[in-house]
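These notes are about the structure you will find just below.
The values are calculated or read from the model by the stated rules, or taken from the named source; none is laboratory data. Quick caveat, the model's predicted, so the values are computed rather than measured. Methodologically, a virtual Cβ is constructed for each residue, glycine included, from the backbone with ideal geometry; neighbour enumeration extends over all protein chains shown.
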Amino acid sequence: MIRCYIGLGSNLEDPRGQVSRALQELEQIPQSQLVTASSLYRSDPVGPPGQPDYINAVACLDSALEPYALLDQLQAIEQAHQRVRKIHWGPRTLDLDLLLYGDQIIASERLTVPHAFMKERSFVLWPLAEIAPQLRLPDGSDLQRLLAQCPMGTLQQIPV
């Protein structure tokens, strides 16, 4: 089993419900086990102006699936939530990003792991630190150092 971290985000059609349902659906991925998930967080949108705020979380998943098979499972969950890819960084019902896949570094047209922008996004780093505070990225980056360089800003943890 490989320890993986998945970023979740939604800003359309009941974002809180979308992320909560997606967390339950992660438990159904074959040859995988949901270990834990962060709290939900509200974040400002990244991308085109005029979008609603996002609800974000990070999940920890142990999986025996190869990276692309896991990616296929994540994209199937997105499709079940009617994910439409029209505008880059545009609004979406559900976004599932494979942030980390063990200590592997993957750079292909279809998949980049660690996720290309995770080091600069508070809505990824803070929920990730909630569930894996001592984490080191495959390049040796220390999560606590990354947090120090990426303040929470307007990111808000949502009370349960």
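Residues checked against (1) of a type outside the set (Val, Ile, Thr); (2) without any contact (Cβ under 8 Å) to a residue 40 or more places away in the chain; (3) outside any loop (DSSP other than H, G, I, E, B):
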position	(1), (2), (3)
Arg3	yes, no, yes
Arg16	yes, no, yes
Ile29	no, no, no
Leu70	yes, no, yes
Gln79	yes, yes, yes
Checklist (1) out of contact with any strand residue (DSSP E or B) (no Cβ under 6 Å at 6 or more places or on another chain); (2) closer than 23 Å to Pro159 by Cβ; (3) of a type in the set (Gly, Ala, Ser) applied to Ala69, failing item
(2)
Among the numbered criteria (1) modelled with pLDDT of 95 or more; (2) crowded, with 17+ Cβ neighbours inside 10 Å; (3) of a type outside the set (A, V, I, L, M), which single criterion is violated by Arg83?
(1)
If you scan the stretch 134-160, which residues turn out to be on the phi > 0 side of the Ramachandran plot and either touching a helix residue (DSSP H, G or I) at 6+ places or on another chain (Cβ under 8 Å) or surrounded by 13 or more Cβ atoms within 10 Å (Cβ to Cβ) (or both)?
Gly153
Taking the condition buried (at least 20 other Cβ atoms within 10 Å of the Cβ), out of contact with any Lys or Arg (no Cβ under 7 Å at 6 or more places or on another chain) and not hydrophobic (A, V, I, L, M, F, W, C), does Pro15 pass?
yes
Quick one: which residue in Asp44, Asp95, Asp72, Asp62 is surrounded by fewer than 21 Cβ atoms within 10 Å (Cβ to Cβ), within 18 Å of Arg121 (Cα to Cα) and under 16 Å from the mean Cα position of the chain (by Cα)?
Asp44
Every listed condition ((1) within 19 Å of Leu128 (Cα to Cα); (2) in a loop (DSSP other than H, G, I, E, B); (3) not small (Gly, Ala, Ser)) holds for Pro52 save (1)
